Amino acid sequence: MDREPGSLCGRRVLLRPLEAGDFGSWREVRRRNRDWLTQWEPQRLSGAPDVVEDRAAFADRCSARRRERQRGSGHSFGIFVDDVFAGEINLNSIQRGPFQSCYAGYWIDEALAGNGYMPEALVVVARFAFEELRLHRIQVAIVPRNTASRRVVEKLKLRDEGTAVRYLEINGVWEDHVRYGFTAEEWNERSDELVGEWVGGHR
């Protein structure tokens, strides 16, 4: 799979920043997956445009993500399977200095869940975070009952660091989150295994 500028390649997935022209396919997936996804996401702010239905709001979102990339504070990617939009994966709140850390978040079309696309995408962005951005740590925080998201990190055998009580506001409720940590030292020890299993020849 050839790598476009700003994109990351796996065995079956292409990750690239979303653009305003992706609105139609993004909206179709988000509409179809509304119940599947919104239970795990923060509520939309009162008075804010609905980015799922508002083309201009989606374009603004893409512009904001582009500014984050330019500042080095975040990297967000659409996930494409066979050139079809399938979900998103993001490295958020990148902090430098002594912390050198970020948070990873992700979602996928329910119709494609369970096929290993998300573990593959997470390995691809971990390689990017550790080998290109030179970060030291990635954290993934998941609501305990979100078994689909937890299966992703469990397949990759990421380290469970315990539960943070009332950690984030999700769908109007302060929810506990299980925190999974992954450090550069662990990546160095396990990268051949993880890339070999999930990404194949793109080491």
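The values are calculated or read from the model by the stated rules, or taken from the named source; none is laboratory data. Everything numeric here is computed off the predicted structure, so don't read it as measured data. Reconstructed Cβ throughout: ideal geometry from the backbone, glycine too, with neighbour counts over all protein chains shown. Just so you know, the surface numbers come from the protein's heavy atoms only, side chains and all, with ligands and any DNA or RNA stripped out. Shrake-Rupley method; radii C 1.70, N 1.55, O 1.52, S 1.80 Å.
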Are any of the residues in the stretch 140-150 outside any strand (DSSP E or B), free of Cβ contacts under 8 Å to residues at least 24 places away in the same chain, more than 21 Å from Ser76 (Cβ to Cβ) and under 18 Å from the mean Cα position of the chain (by Cα)? yes
Between a first residue in the stretch 8-32 that is free of Cβ contacts under 8 Å to residues at least 60 places away in the same chain and among the acidic types (Asp, Glu) and a second residue that is part of a helix (DSSP H, G or I) and surrounded by 17 or more Cβ atoms within 10 Å (Cβ to Cβ), which pairs have beta carbons less than 7 Å apart while being 6 or more apart in sequence or on different chains? Glu19/Cys62
Find the residue count for the stretch 62-78, including only residues that are assigned to a helix (DSSP H, G or I) and out of contact with any Leu (no Cβ under 8 Å at 6 or more places or on another chain). 8
Got a sec? Which of Arg145, Arg67 is within 24 Å of Asp35 (Cβ to Cβ) and either open to solvent by 10 Å² or more (accessible area, probe 1.4 Å) or in contact with a Cys (Cβ under 8 Å, 6 or more places away or on another chain) (or both)? Arg145
Residue ID - nearest to Arg166 (Cα to Cα), chosen from residues in the stretch 1-59 that are of a type in the set (S, T, N, Q) and open to solvent by 90 Å² or more (accessible area, probe 1.4 Å): Gln43
Within the stretch 101-135, residues being crowded, with 16+ Cβ neighbours inside 10 Å and either of a type in the set (S, T, N, Q) or part of a strand (DSSP E or B) (or both) number 8
When Val153 is run through (1) under 18 Å from Val195 (Cβ atoms); (2) buried (at least 19 other Cβ atoms within 10 Å of the Cβ); (3) in contact (Cβ under 8 Å) with a residue 40 or more places away in the chain, the failure sits at (3)
Restrict the check to the stretch 172-193 and report whether at least one residue is over 15 Å from Arg11 (Cβ atoms), part of a loop (DSSP other than H, G, I, E, B) and either modelled with pLDDT of 95 or more or open to solvent by less than 70 Å² (accessible area, probe 1.4 Å) (or both). yes
